[in-house]
Amino acid sequence: MKIHGLQKMTLLDYPSKVAATVFLGGCDFRCPYCHNFEIVDGSMAPIMDDKELFSFLQKRKGLLDGVVVTGGEPCIYMELPSLISEIKGMGYLVKLDTNGNHPHVVKSLLSEDLIDYIAMDIKNSPAKYPLTSGLPTVDVNTIKESIDLIMNSGIDYEFRTTVIHEHHNVSDFEEIGKWIEGAKAYYLQQFTDRDTVPDKTLTSPSKEDMQLFLKTVQKYVPAAALRGVE
Ligand code: SF4
């Protein structure tokens, strides 16, 4: 299996853990705000294969608590369960990042006890999912299925939304709040520009808007919080 990026150590990607982050290229979404588009559209070549990754992780045993498997979208790969199984076999905790469009894959990973933490993006309110996912045919029932599955999984989880000035308003956060009501962790992250972001017209919301959106969603999700707001 091809690996498109490896962050050898991070204190940020896996809450309360020292982790390495593995990036798998390719994704079924085309989010116009994507920060990793060079690995989504295949313009960046892989940096290693899974054997080299396993060899790196063998050497880091005892130094890292866990491994974050992210993308792109990891759940598009049939080999994902065997990749994670190998990582867990070395004694690492595994956090999976997903766009929520593959509940059957998540269900199967959960049933095999292959993940310890899951982070799912909530791109926008249901009506605006096509806009923010860049996928006109996205089925919001599938997204809802992932939300329910994760909230009932019994493992640690978080939902998160990258908030974009041009895409989100207060009523979107009313709708998102109702969708994930009672979730135990939900983070609103401020969009920041980067030269690889596909849509160059997108901008960051103001700090005041972030506070307003947080207050709106906290009516339904008291545990909601801001992350990385400047
Ligand atoms: S789901 Fe994530 S990786 Fe895929 S296009 Fe959207 S932001 Fe990029």
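Of the residues G26, G66, G89, only one is within 30 Å of P136 (Cβ to Cβ) and either basic (K, R) or modelled with pLDDT of 95 or more (or both); which?
G26
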- Item | Residues satisfying the stated conditions in region 60-79, i.e. within 16 Å of the ligand (Cβ to nearest atom) and touching a residue at least 40 places away in the same chain (Cβ under 8 Å) | V68, V69, T70, G71, G72, E73, P74, I76, Y77
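Name the residues in region 116-130 that are within 12 Å of the ligand (Cβ to nearest atom) and among the hydrophobic types (A, V, I, L, M, F, W, C), would you? Let's see the steps before the verdict.
At the first step, the residues of region 116-130 found to be within 12 Å of the ligand (Cβ to nearest atom) are 119-124, 129.
The answer is A119, M120, I122.
Just for region 38-59: of the residues that are within 16 Å of the ligand (Cβ to nearest atom) and closer than 21 Å to M9 by Cα, which one is surrounded by the fewest Cβ atoms within 10 Å (Cβ to Cβ)? Steps first, answer last, please.
Narrowing region 38-59 to residues within 16 Å of the ligand (Cβ to nearest atom): 38-44, 46.
Subset that is closer than 21 Å to M9 by Cα: 39, 46.
Details: I39: 24, P46: 15.
In this case the residue turns out to be P46.
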- Within region 146-168, is even one residue modelled with pLDDT under 95, more than 12 Å from the ligand (Cβ to nearest atom) and not in a helix (DSSP H, G or I)? no
- Note on the structure: Across (1) away from the ligand (no atom under 15 Å from the Cβ); (2) closer than 27 Å to H167 by Cβ; (3) crowded, with 19+ Cβ neighbours inside 10 Å, I84 clears everything bar (2)
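What tally of residues in region 1-37 results from selecting those that are out of contact with any Leu (no Cβ under 9 Å at 6 or more places or on another chain), within 9 Å of the ligand (Cβ to nearest atom) and touching a residue at least 60 places away in the same chain (Cβ under 8 Å)?
Of all residues in region 1-37, those out of contact with any Leu (no Cβ under 9 Å at 6 or more places or on another chain) come to 7, 10-13, 15-16, 25-27, 34-37.
Those still in the list that are within 9 Å of the ligand (Cβ to nearest atom) too: 26-27, 34-37.
With the extra rule that they be touching a residue at least 60 places away in the same chain (Cβ under 8 Å), the set shrinks to 27, 34-37.
Here the count works out to 5.
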- Note on the structure: Only one of G91, G100 is within 16 Å of the ligand (Cβ to nearest atom) and on the phi > 0 side of the Ramachandran plot, namely G100
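Rundown of residues vs (1) surrounded by fewer than 14 Cβ atoms within 10 Å (Cβ to Cβ); (2) more than 19 Å from the chain's Cα centre (by Cα), yes/no style:
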| position | (1), (2) |
| --- | --- |
| A127 | yes, yes |
| S153 | no, no |
| M210 | no, yes |
| Y220 | no, yes |
- Item | Which numbered condition G228 misses (of (1) of a type outside the set (S, T, N, Q); (2) touching a Pro at 6+ places or on another chain (Cβ under 6 Å); (3) on the phi > 0 side of the Ramachandran plot) | (2)
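The values are calculated or read from the model by the stated rules, or taken from the named source; none is laboratory data. Since the model is a prediction, treat every value here as computed from it, not as a measurement. Positions of Cβ are backbone-derived with ideal geometry, glycine not excepted, and every protein chain shown enters the neighbour counts.
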